[in-house]
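Chemist: This structure is in structure tokens; I'll ask about it shortly.
The values are calculated or read from the model by the stated rules, or taken from the named source; none is laboratory data. All values derive from a computational prediction rather than experimental measurement. Cβ sites come from the backbone with ideal geometry, for glycine too, and all protein chains shown count toward neighbours.
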Amino acid sequence: MEEIDKIISDFRIQQQRFAYYIVAVNIACIAYCIDKSLDIRIELINLPLGASILLFAISTFLGLRFIKIVLSSYASDIDIKTIQKGVNPTLNELVVKFDRVHAYPEAQQFAMNTIIEVTKKKSRKATSAYSWMMRTLYIGILFFVTWRVLVAYDITFGITF
């Protein structure tokens, strides 16, 4: 069981590193796009550039949201482990407070089920944030490349859009 926990932990660490990397890529893309847009006028041809900056910003937000959800899931993991070992201070306090020591196994199971349900919801949100982070990054790249092609076409043929 410890080997599986180690693999899961390693996977989470690598996934978080990748998310940080993607956030950094998004910020670099935003900076590059802004640098390229300093001396241009507001014209229809530059609309894809604005769209790409917006998409990179959305991707950055989703990446940070993903990281926040993953970090908060660590607290749930800690709660599950302490409940399993019978050393969760909140659960122990509630059982003693309501004088239900004999009902500890039921309270323990209820707490575990509740935390597992919350963890499943967090997992769905994290998966969604991660997939949309990647989609908006790729679409932002496509918009930026489209803008560069349109600008090259305009420079070559002198036709503005």
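For every residue, the table says whether it meets (1) among the acidic types (Asp, Glu); (2) buried (at least 18 other Cβ atoms within 10 Å of the Cβ); (3) under 15 Å from Arg148 (Cβ atoms); (4) at pLDDT 95 or above.
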site: Ala19; (1), (2), (3), (4): no, yes, no, no
site: Tyr32; (1), (2), (3), (4): no, no, yes, no
site: Asp39; (1), (2), (3), (4): yes, no, no, no
site: Leu44; (1), (2), (3), (4): no, no, no, no
site: Leu47; (1), (2), (3), (4): no, no, yes, no
site: Ser59; (1), (2), (3), (4): no, yes, no, yes
site: Val70; (1), (2), (3), (4): no, yes, no, no
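Chemist: Something else about it: Against the conditions (1) in contact (Cβ under 8 Å) with a residue 40 or more places away in the chain; (2) within 26 Å of Ala126 (Cα to Cα); (3) exposed (fewer than 14 other Cβ atoms within 10 Å of the Cβ), where does Ser52 fall short? Just the number, please.
Modeler: Going through the list (1) in contact (Cβ under 8 Å) with a residue 40 or more places away in the chain; (2) within 26 Å of Ala126 (Cα to Cα); (3) exposed (fewer than 14 other Cβ atoms within 10 Å of the Cβ), Ser52 breaks only (3).
Chemist: For the stretch 136-160, name all the residues that are assigned to a loop (DSSP other than H, G, I, E, B) and in contact (Cβ under 8 Å) with a residue 12 or more places away in the chain.
Modeler: Initially, the stretch 136-160 is screened for residues assigned to a loop (DSSP other than H, G, I, E, B), giving 158-160.
If the condition is that a residue be assigned to a loop (DSSP other than H, G, I, E, B) and in contact (Cβ under 8 Å) with a residue 12 or more places away in the chain, then Thr160 is the only one that fits.
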